[in-house]
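K.L.:
Could you have a look at this structure, given as structure tokens, before my questions?
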Protein chains: 2
Amino acid sequence: MSERPIRLNAFDMACVGHQSMGLWRHPADQGWRYKDLRYWLELARLLERGLFDGLFIADVLGVYDVYGSSPDAALRNAVQVPVNDPILTIPAMAAATEHLGFGVTASISFEHPFPFARRMSTLDHLTNGRIGWNVVTSYLESGARNLGMVAQLTHDNRYDVADEYLDVCYKLWEGSWEDDAVVRDAERGVFTDPAKVHPIRHAGEHFTVPGIHLCEPSPQRTPVIYQAGSSPRGRRFASEHAEAIFTGGPTASHVAGIVADIRARMREAGREPHDARVYTIATVIVDETEAKARAKHDELRRLTSDEAALATVSGFMGFDLSAYDLDDPVEDVESNAIQGVVAGFRAAENDGRPWTVRDIARWAGIGGMGPVIVGSPSQVADELQRWVDEADVDGFNLAYAITPGTFEDIVERRGVHRTRYEPGTLREKLLGEGPRLPERHRGARMRALVRQ
Amino acid sequence: MSERPIRLNAFDMACVGHQSMGLWRHPADQGWRYKDLRYWLELARLLERGLFDGLFIADVLGVYDVYGSSPDAALRNAVQVPVNDPILTIPAMAAATEHLGFGVTASISFEHPFPFARRMSTLDHLTNGRIGWNVVTSYLESGARNLGMVAQLTHDNRYDVADEYLDVCYKLWEGSWEDDAVVRDAERGVFTDPAKVHPIRHAGEHFTVPGIHLCEPSPQRTPVIYQAGSSPRGRRFASEHAEAIFTGGPTASHVAGIVADIRARMREAGREPHDARVYTIATVIVDETEAKARAKHDELRRLTSDEAALATVSGFMGFDLSAYDLDDPVEDVESNAIQGVVAGFRAAENDGRPWTVRDIARWAGIGGMGPVIVGSPSQVADELQRWVDEADVDGFNLAYAITPGTFEDIVERRGVHRTRYEPGTLREKLLGEGPRLPERHRGARMRALVRQ
């Protein structure tokens, strides 16, 4: 055992099936309750009982409609559609818990930073400093079309816009209101001292925001910045901004390469290499014995949907797999991107036999691009530890096969990955300092820019 | 007594001081707790105990900075700044109540209808059909500037955009998913029947939305549409769309004219004149005797802030009153809009003496543009009944002088304005039919447009 406790984060989405394809058909799955606030309250309490760092809610503003050039497969299999707005469940979950953090996904492509900054400040107030923001630079093409955007920005340019978007937010969050701006002095009749509230006067390439932030300082000011992009430009963005990074890959050695690169980039950006916690995606199927866990896994496997899995991979990779038979060899799939992903899967399985399209569906049926770790509590603990040691991750972003069953199994059978919550805000819990951004973070430098 | 029960709605905002100017200085006021979720949970439970129809949360995305060409007076007096995002408290309040409705203010000017429709559907799911949307066509100029908009649309054109915006939403809410689209048939492996989910193919002047709605049908589908505009174009908009209308004026006879006009316009729009509930703004100061109520009112009056009141009126009317002394006669104020408003105030007070700027501040210090009704429970009940009879309103949008004290007084001392909640969704409770829009509503006609 290393001395660092293994950190756990739960990965969910306000939809029926997130990373598990067709498993809404499992009799114990409650994913269909995503529209019932009680599902979220129960889940939050469960995760806090299990000392999870947080609940990370993914989002897409669109449908997976590459497969067969239609949303039909996604609809039929409830592949991330229907999908609700993820942000609205969070304050209620915060009221039902004391320590659990909440990471919410929101794209910078479709909302202006001025109202968005207010929304996040409000969340930070209402959760008493337990909010994280997963910065996404785009949604699916199908989402962009519905917003009247003919084409999305190019990939790298999106990150340039994102840099400025975050700078606007940092100026509003960090610079506009001084800590002691709100005095609430009834005698003098001064609620806020106007001399301590500053217009940010931002005039950039993409945004013009002259005014003051509308919110008084919240516990963390800037929410904990999450990032999940894996491209080189995405990693550069993460190295400058992110305080929690969600990555993934089929093997520990694959993830080790990503993590080493991120930590090196963070040093280049003037930060400490461990200024961001890194979580890698995994799905854990655990039971009291290996045999029971394997039987559980087999039962789940029988209920996954190949069509759902291929619709997801098609949407994710932007390549339509509907033209292939399940028995077609993967070599026939004319997509370098998919060939690359499949090579990773095969390495993870150390599987010499020829793969077919059916194997892609099998892999992607549970847990997305990450590993499915099956075994007894001690076997799972050993495997997680191996990943931590080999990949230098801080912990895991745990997807579910069925919800909340997969999380219940983990909470009930977890090894002692930690014994208590750290005190304070989400930032203090995750990073051991806070509640505000450290001075070496890009966002902290915006304070002086506003107040010069 | 007429046979209709008098309907009550509570009027609040996610800020320190909403319609009460400087009263955060009152020792019992808890407006500063707006950033604490518990304030909202306590308020929601209180209002439900008092059988209020709903809680209506106002919003502005900007600051009142006309007075002295600066936000300083607004900041100093906490005039609707700091202000949080209002929408995030609602699901938690819904979880703490069973019947109370929630009206949330959101402008069509700064958010695209595609993600907005998803947000409202999510709210309708999470509240189990208790959501209303107060449609606003603009924010303050100071808000528009921060969104990089050089000038806002002209007033009438804003309503044209709003018409199309609502049509897009109606198509998504009413037309995209048939009632039985979600089948959740594990045997056949069909969660949603794709044949029953329709792309809306909207291609209009302002918006292009080709795709399907992202949410499955919620209890009401379309949230109860609230509207508060009072201009002729605003009333025409309300007559076509609104199911609850918030109006206001200093006298019952003034409001009677507005209400008669709205009900006539509704008939012209093919609706019944009572297809929308009309609430007029009022502030009630009640205690067990008239003398105690008057003493309470006097104490409140002593704590209102003239600067705060004038900053609000200046922002609201777009005319800077900071150049005038409090003792200047109102005749010197060179604004027809303000002269018109003051004439109404004076009529309400039946006050022959010459008014000064101080009187404007006095009037606007509590309860905005509406009356302050002071007295014993029976006196207040009589006065509310007089308004109902003379103005043909369904009830009142009750502002607070201090919060939650003003609401507590009403709940504890109210006459029997009603004895129980009607069953069902907010629409059914308010209008006696539902949960879906009636066929004669503009939004219902969009169903056929999508499915033709």
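K.L.:
For residues that are more than 9 Å from every other protein chain (Cβ to nearest Cβ) and either without any contact (Cβ under 8 Å) to a residue 60 or more places away in the chain or not hydroxyl-bearing (S, T, Y) (or both), tally how many sit in the range A:171-184.
P.N.:
Residues that pass the stated criteria total 9.
K.L.:
Inspect all residues belonging to the range B:122-138 and state whether any of them is farther than 30 Å from B:F52 by Cα and part of a helix (DSSP H, G or I). So that I can check it myself, show each step before the final result.
P.N.:
Taking the range B:122-138 and keeping what is farther than 30 Å from B:F52 by Cα, we get none.
Checked against the condition, which is being farther than 30 Å from B:F52 by Cα and part of a helix (DSSP H, G or I), the range B:122-138 yields no hits at all.
K.L.:
Follow-up question, since we're still on this one. Could you tell me whether any residue of the range B:190-197 is polar (S, T, N, Q), within 17 Å of A:S70 (Cβ to Cβ) and facing chain A (nearest Cβ under 9 Å)?
P.N.:
Going through the range B:190-197, the residues polar (S, T, N, Q) turn out to be B:192.
Now restrict to residues that are within 17 Å of A:S70 (Cβ to Cβ): B:192.
Remaining after also requiring facing chain A (nearest Cβ under 9 Å): B:192.
Within the range B:190-197, one or more residues are polar (S, T, N, Q), within 17 Å of A:S70 (Cβ to Cβ) and facing chain A (nearest Cβ under 9 Å).
K.L.:
Okay, moving on. With the range A:284-349 as the region, which helices (runs of 4 or more DSSP H) entirely inside it contain at least 2 residues that are at pLDDT 95 or above? Write out each step before concluding.
P.N.:
Numbers: elements: A:290-303, A:306-317, A:336-349.
Once the helices (runs of 4 or more DSSP H) in the range A:284-349 are filtered for at least 2 residues that are at pLDDT 95 or above, what remains is A:290-303, A:306-317.
K.L.:
Of a type in the set (S, T, Y), more than 10 Å from chain B (Cβ to nearest Cβ) and open to solvent by 40 Å² or more (accessible area, probe 1.4 Å), is that true of A:S69?
P.N.:
Details: of a type in the set (S, T, Y): yes; more than 10 Å from chain B (Cβ to nearest Cβ): yes; open to solvent by 40 Å² or more (accessible area, probe 1.4 Å): yes.
When the stated conditions are applied, A:S69 passes them.
K.L.:
Same structure again: Just give me the residues in the range A:87-106 being of a type outside the set (V, I, T), open to solvent by less than 10 Å² (accessible area, probe 1.4 Å) and not in a helix (DSSP H, G or I), in sequence order.
P.N.:
Once the filter is applied, which keeps residues that are of a type outside the set (V, I, T), open to solvent by less than 10 Å² (accessible area, probe 1.4 Å) and not in a helix (DSSP H, G or I), the range A:87-106 yields A:L100, A:G101, A:F102, A:G103.
K.L.:
Here is a further query. Has the range B:122-134 got any residue that is more than 8 Å from chain A (Cβ to nearest Cβ), among the polar types (S, T, N, Q), closer than 24 Å to B:S314 by Cα and in contact with a Gly (Cβ under 7 Å, 6 or more places away or on another chain)?
P.N.:
Just the residues of the range B:122-134 that are more than 8 Å from chain A (Cβ to nearest Cβ), to begin with: B:124, B:127-134.
Adding the requirement that they be among the polar types (S, T, N, Q) leaves B:127-128, B:134.
Subset that is closer than 24 Å to B:S314 by Cα: B:134.
Cutting the leftovers down to in contact with a Gly (Cβ under 7 Å, 6 or more places away or on another chain) gives us B:134.
Yes; the residues of the range B:122-134 include at least one that is more than 8 Å from chain A (Cβ to nearest Cβ), among the polar types (S, T, N, Q), closer than 24 Å to B:S314 by Cα and in contact with a Gly (Cβ under 7 Å, 6 or more places away or on another chain).
K.L.:
Another question, if that's okay. Inside the range B:109-121, can you point out the residues that are more than 8 Å from chain A (Cβ to nearest Cβ) and of a type in the set (F, W, Y)? Walk me through how you get there before you give the answer.
P.N.:
Keep residues of the range B:109-121 that are more than 8 Å from chain A (Cβ to nearest Cβ), which gives B:109, B:113, B:116-117, B:120.
Of everything in the range B:109-121, just one residue is more than 8 Å from chain A (Cβ to nearest Cβ) and of a type in the set (F, W, Y), namely B:F116.
K.L.:
What number of residues in the range B:344-378 are open to solvent by 60 Å² or more (accessible area, probe 1.4 Å) and over 25 Å from B:T406 (Cα atoms)?
P.N.:
Quick first cut of the range B:344-378, residues open to solvent by 60 Å² or more (accessible area, probe 1.4 Å) only: B:347, B:349-350, B:352-354, B:358, B:362, B:378.
If we keep only those that are over 25 Å from B:T406 (Cα atoms) too, we end up with B:347, B:350, B:352-354.
So the answer is 5.
K.L.:
Within the group A:G175, A:G189, which residue is closer than 20 Å to B:A73 by Cβ and open to solvent by less than 30 Å² (accessible area, probe 1.4 Å)? Even if it seems obvious, please write down each step before you answer.
P.N.:
Details: A:G175 fails: closer than 20 Å to B:A73 by Cβ.
That would be A:G189, the only listed residue that is closer than 20 Å to B:A73 by Cβ and open to solvent by less than 30 Å² (accessible area, probe 1.4 Å).
K.L.:
In this structure, does B:L47 turn out to be more than 10 Å from every other protein chain (Cβ to nearest Cβ), open to solvent by less than 20 Å² (accessible area, probe 1.4 Å) and assigned to a helix (DSSP H, G or I)?
P.N.:
For B:L47, the condition - more than 10 Å from every other protein chain (Cβ to nearest Cβ), open to solvent by less than 20 Å² (accessible area, probe 1.4 Å) and assigned to a helix (DSSP H, G or I) - is met.
K.L.:
Take the conditions more than 27 Å from A:S109 (Cβ to Cβ) and part of a loop (DSSP other than H, G, I, E, B) and apply them to B:G148. Does it pass? If you could, list the steps in order and put the result at the bottom.
P.N.:
Numbers: more than 27 Å from A:S109 (Cβ to Cβ): no; part of a loop (DSSP other than H, G, I, E, B): yes.
Spelling it out, it is not the case that B:G148 is more than 27 Å from A:S109 (Cβ to Cβ) and part of a loop (DSSP other than H, G, I, E, B).
K.L.:
Here's a follow-up. Taking B:G211 and the conditions (1) more than 12 Å from chain A (Cβ to nearest Cβ); (2) open to solvent by less than 20 Å² (accessible area, probe 1.4 Å), which numbered condition does it fall short on, given that it satisfies the others?
P.N.:
Looking at each condition in turn, B:G211 falls short on (1).
K.L.:
Please specify each residue of the range B:72-100 satisfying the condition of being among the acidic types (D, E) and more than 9 Å from chain A (Cβ to nearest Cβ). Full working, then the answer.
P.N.:
First pass over the range B:72-100, keeping only residues among the acidic types (D, E): B:72, B:85, B:98.
Residue satisfying the conditions is B:E98 alone.
K.L.:
Quick check on the range A:9-44: of everything there that is part of a strand (DSSP E or B) and modelled with pLDDT of 95 or more, which residue is most open to solvent (accessible area, probe 1.4 Å)? Reasoning before the result, please.
P.N.:
We begin by selecting, within the range A:9-44, every residue part of a strand (DSSP E or B); these are A:9-13, A:15, A:17, A:20.
Next, from what is left, pick out any that are modelled with pLDDT of 95 or more: A:9-13, A:15.
Working: A:N9: 2, A:A10: 0, A:F11: 24, A:D12: 1, A:M13: 3, A:C15: 3 Å².
Filtering first and then ranking leaves A:F11.
K.L.:
While we're looking at this one, here's another question. In the list A:L310, A:L326, which residue meets the criterion of being in contact with a strand residue (DSSP E or B) (Cβ under 9 Å, 6 or more places away or on another chain) and either under 23 Å from A:A73 (Cβ atoms) or not polar (S, T, N, Q) (or both)? Please lay out each step first, then the result.
P.N.:
Numbers: A:L310 fails: in contact with a strand residue (DSSP E or B) (Cβ under 9 Å, 6 or more places away or on another chain).
After applying the criteria, what remains is A:L326.
K.L.:
Output yes when any residue across the range A:268-281 is aromatic (F, W, Y), over 14 Å from A:S20 (Cα atoms), surrounded by fewer than 21 Cβ atoms within 10 Å (Cβ to Cβ) and more than 14 Å from every other protein chain (Cβ to nearest Cβ), and no when none is.
P.N.:
Taking the range A:268-281 and keeping what is aromatic (F, W, Y), we get A:279.
Add one more test, that the residue is over 14 Å from A:S20 (Cα atoms), and what stays is A:279.
Filter again for surrounded by fewer than 21 Cβ atoms within 10 Å (Cβ to Cβ), leaving none.
So far as the range A:268-281 goes, no, none of its residues is aromatic (F, W, Y), over 14 Å from A:S20 (Cα atoms), surrounded by fewer than 21 Cβ atoms within 10 Å (Cβ to Cβ) and more than 14 Å from every other protein chain (Cβ to nearest Cβ).
K.L.:
Within the range B:51-59, can one find any residue that is of a type outside the set (K, R), facing another protein chain (nearest Cβ under 7 Å) and open to solvent by 10 Å² or more (accessible area, probe 1.4 Å)?
P.N.:
To start, the set of residues in the range B:51-59 that are of a type outside the set (K, R) comprises B:51-59.
Now restrict to residues that are facing another protein chain (nearest Cβ under 7 Å): none.
Within the range B:51-59, not a single residue is of a type outside the set (K, R), facing another protein chain (nearest Cβ under 7 Å) and open to solvent by 10 Å² or more (accessible area, probe 1.4 Å).
The values are calculated or read from the model by the stated rules, or taken from the named source; none is laboratory data. The shown structure was predicted, so the numbers you read here are calculated from the model rather than taken from an experiment. Virtual Cβ from ideal backbone geometry, glycine too; neighbours counted across all protein chains shown. Accessible surface areas use protein heavy atoms only, side chains included; no ligands, DNA or RNA. Shrake-Rupley method; radii C 1.70, N 1.55, O 1.52, S 1.80 Å.
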